[in-house]
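*Asks:* My structure is below; once you've seen it, I'll send some questions.
The values are calculated or read from the model by the stated rules, or taken from the named source; none is laboratory data. From a predicted model like this one, the values you see are computed outputs, not experimental measurements. Glycine also receives a Cβ, built like all others from the backbone with ideal geometry; neighbour counts cover every protein chain displayed. These area figures cover heavy atoms from the full protein model, side chains too; ligands, DNA and RNA do not enter into them. Shrake-Rupley method; radii C 1.70, N 1.55, O 1.52, S 1.80 Å.
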Amino acid sequence: MCGIVGYVGPKSTVDVLLSGLRRLEYRGYDSAGISVITGTGLETRKKAGKLDNLIAEITAHPLAPANIGIGHTRWATHGAPTDGNAHPHLGGTREKLSLIHNGIIENFSELKAELLTDGTRFASDTDSEVAAHLIAREYDKSGDLVLAFRNVVNRLHGAFTILVVHEDQPDVVLAARRNAPLVIGLGDGENFLGSDVAAFVEHTKRAISVGQDEIVILRSNSVEVIGFDGSPVTSEEFTVDWDAAAASKGGWPSFMAKEIADQPQAVADTLMGRIDSDGQVRIAELESFTADEIKNIDRIVIVACGTAAYVGDVIKYGIEKWSRIPVQVELSHEFRYRDPVVTKNTLIVAISQSGETMDTLMATRYARELGAKVLAICNTQGATLPRESDATIYTHAGPEVAVASTKALVAQITAGYLLGLYLAEVRGATPVRELHRLGRELLKVPALVSDVIENLVQVRELGNDLANAKSVLFLGRNVGFPVAMEGALKLKELAYIHAEGFAAGELKHGPIALIEEGQPVIVIVPSLRDSDSLHPKVISNIQEIRARGAKVIAIAEEGDTEVGQWSEHVIFVPQTEQLFAAILTVIPLQAFAMALAEAKGLDVDQPRNLAKSVTVE
Ligand code: AGP
């Protein structure tokens, strides 16, 4: 998820682009760059690192005045965050075309092969540069920039918002979007483009949302929108209802609120290009593991900390069930110092949003010394963990700024399930028909996540009502158990109150002594439809605690006709596969913790005592 700005108009283009990128930094900040067309032609400045590095570069090497340009702040998906991989990318041998891109071009490898055959030389490892050269090549043939642009965007698969300027046409910015955001800002004698309105809201509140497979032809005094097929599009203008101050969070009251809302996209982007329509999983990053190496794995050890460790506790159910490889989850800092048994047939799966958690880095370094292979599941391109792993499955959740992890968690569960389905098929451990059925069900999950997010009002009200609770307990079984643990962690780290998660079956072995009159207990209830009889067991657990005065809030599946009679409140989530339910049931717990913390007037983005990445042991 990157930040994109475009501008045509009388203002100082460099200033407009840089202030727009500043407000979009939350979308990505591992490199940044701009291109402008000055009186002497196309000029570009770009630098790895935060936006301040680009500003320093421009200060050292000033750009001439310009009235047209494009700017980009990157969250790397293909290619490490380096100066060369920073956007914009120049296209064509004359380097007169400049392109910026947000998203993932799934078929970039075959398109790049076509260009290499033509003798095209690449300056970066990115998928985006492929589009730049394709458009430049088309333009050099036809001399028609809009036609060249349209021909190329019709060839691209995946998700993309693309902006292009060309020195030969110094009055127009072209843009296209497919499965990625793009909005137009309408000014007086000037017009803007942005990945969201934060890019230009300080200049204008008049905006147009660009639809799927649409192209924008933007000039200072005109805006034309056409379809990828060239047909004219009638767009609807709207007025932005928040000010520049909120822009740094994309209009949201907090990064955490924004990142909870980002979760459908985080799951969808992590799935993108990794499951085909039949449900077969293909993970390009695992092609470095041979089939024999995968068949020889005799144990998987998942190492992680905090929320990432609870992700491990969720995905172990699927990985072991489908691949028949024994899976254990270890806290990184415990694994490192307990003299564990590790062999060359042990696969270490290291889960880390930041890729910089020192506990997890130490655990993976130790495991590699013992001869194990390490597979990372990470959200940050170019981080230390991917660099020190044998392979990395990147989650594509975009930058997660709030300390409390939300969208990274659902993306990590998604990546872990993709891994389990892939290993199972390579090992022939589960019938392919069942694996592909599960793959097709997994493709439906982003829409189900959207449904959950659209129905969080009730759970937010409960969080508000329980602002004075002294403690909250969480119960769950199967994948609901780590979800309960994660719900408790969210409440601890956001609202600073005691919270504890338990396996529901463990209750009678001690924790039930905690239950007293009025004790709030949130119970993640398994599906009534599943045949393994967990539902009636959890209902019995609920009856046991209610008999002792507990106030029960149930998170249950739509269609569960039994749970309501035993609960003060029921939050329903859509039906899905038993193991996928964890992705849905965790979301109300995130919203509950955030609402309770907000009711206490606490900072949900920067909770006390915590850091986003713990880079010390
Ligand atoms: C979760 O909300 C916390 N921020 C924390 O537990 C976090 O998950 C843990 O520190 C691991 O971080 P990582 O995923 O970057 O390795």
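*Asks:* Mind listing P(r) for region 514-581? All alpha-carbon pairs, 5 Å bins, whole percents.
*Replies:* Percent of Cα pairs in each bin: 4, 19, 30, 23, 13, 7, 3, 0.
*Asks:* Sticking with this one: Would you mind getting me the FRET efficiency between Val233 and Asp168? Use the beta-carbon distance for r and R0 = 22 Å, nearest 0.05. Intermediate values should be presented prior to the final figure.
*Replies:* Details: r = 25 Å, r/R0 = 1.16.
After rounding to 0.05, the efficiency reads 0.30.
*Asks:* In units of 2.2 N^0.38 Å, what is the alpha-carbon radius of gyration of region 257-365?
*Replies:* Rounded to two decimals, the normalised Rg is 1.17.
*Asks:* Ignoring ligands, DNA and RNA, what percent of the 1.4 Å accessible area of region 438-533 is carbon and sulfur?
*Replies:* Solvent-exposed carbon and sulfur of region 438-533 make up 51 percent of the total.
*Asks:* For the Cα atoms of the chain, what angle does the longest principal axis make with the long axis of helix 432-443, in degrees from 0 to 90, nearest 10?
*Replies:* Taking Cα atoms only, the helix is inclined about 70 degrees.
*Asks:* Once you compute Rg and the Kirkwood Rh from C-alpha atoms, what is the Rg to Rh ratio for region 188-312?
*Replies:* 1.14
*Asks:* Take Arg324, project a point 7 Å from its Cα along the Cβ direction, then tell me which residues of region 273-310 have their backbone nitrogen under 17 Å from it.
*Replies:* 292-300
*Asks:* Right, next: State in Å² the accessible area per residue of region 359-406; use a 1.4 Å probe, count heavy atoms of protein chains only, and round to the nearest integer.
*Replies:* 25
*Asks:* Sticking to Cα atoms, compute the Rg of region 374-516 to one decimal and its Dmax as the biggest Cα-Cα distance, whole number, in Å.
*Replies:* Values for region 374-516 (Cα only, Rg and Dmax): 18.5, 53 Å.
*Asks:* Checking the cross-link filter: which lysines have an alpha carbon closer than 24 Å to that of Lys407, excluding same-chain neighbours under 8 positions apart?
*Replies:* Leaving aside lysines fewer than 8 places away in the same chain, those within reach of Lys407 are Lys50, Lys249, Lys258, Lys316, Lys444, Lys490, Lys492, Lys600, Lys612.
*Asks:* Any chance you could give the angle, 0 to 90 degrees and rounded to 10, that helix 128-142 forms with the longest Cα principal axis of the chain?
*Replies:* Helix 128-142 and the main axis of the chain meet at about 30 degrees.
*Asks:* In addition: Could you give me the percent of Cα pairs per 5 Å distance bin for region 493-540, shortest bin first, beginning at zero and ending with the bin that holds the maximum distance?
*Replies:* Bin by bin from 0 Å, the calculated values are 4, 16, 24, 23, 16, 10, 6, 1.
*Asks:* OK, next. Would you work out the charge dipole size for the chain about its Cα centre, treating the Cβ of every Lys and Arg as +1 and the Cβ of every Asp and Glu as -1, and quote it to the nearest 20 debye?
*Replies:* On the way: 58 positive and 80 negative charges, 176 e Å.
My answer is approximately 840 debye.
*Asks:* Hey, how much of the P(r) for region 26-89 falls beyond 18 Å, as a percent of Cα pairs?
*Replies:* That fraction is 32 percent.
*Asks:* Cα-Cα pairs above 24 Å in region 45-196: how many percent?
*Replies:* 30
*Asks:* Let me know the shape class of region 434-539, please: from the alpha-carbon gyration tensor, a ≥ b ≥ c as square roots of the eigenvalues, rounded when a/c is under 1.5, otherwise prolate if a/b is greater than b/c, or oblate. Working shown, then result.
*Replies:* On the way: a/c = 2.31, a/b = 1.36, b/c = 1.70.
It comes out oblate by the Cα gyration axes.
*Asks:* Helix 358-369 sits at what angle to the longest principal axis of the chain, using alpha carbons and giving 0 to 90 degrees rounded to 10?
*Replies:* 90
*Asks:* May I pose another question? Taking the mean number of other Cβ atoms within 10 Å as a proxy for protection, how do you rank 546-552, 478-484 from highest to lowest?
*Replies:* Result, highest mean first: 478-484, 546-552.
*Asks:* Go from 0 up to the bin containing the longest alpha carbon distance in region 314-419, width 10 Å each, and give me the % of pairs per bin.
*Replies:* Histogram of Cα-Cα distances, whole percents per bin: 15, 48, 33, 4.
*Asks:* Determine the equivalent ellipsoid of region 136-199 by diagonalising the alpha-carbon gyration tensor, then write out the semi-axes as square roots of 5 times the eigenvalues, largest first, rounded to whole Å.
*Replies:* Computed over region 136-199, the values are 22, 18, 7 Å.
*Asks:* Run the paramagnetic zone check for Lys11: 7 angstrom along Cα to Cβ, then residues of region 63-81 with backbone nitrogen under 16 Å.
*Replies:* What the label zone holds, given the 16 Å backbone N cut-off, is 66-72.
*Asks:* OK, next. For the chain, what is the largest minus smallest coordinate of the Cα atoms on each principal axis, given in angstrom and ordered from greatest to least?
*Replies:* 78, 54, 45
*Asks:* For the residue pair Lys492 and Asn464, what label-to-label distance in nm results when each label sits 7 Å from Cα along the Cα-to-beta-carbon direction?
*Replies:* For Lys492 paired with Asn464, the spin-label model returns 2.9 nm.
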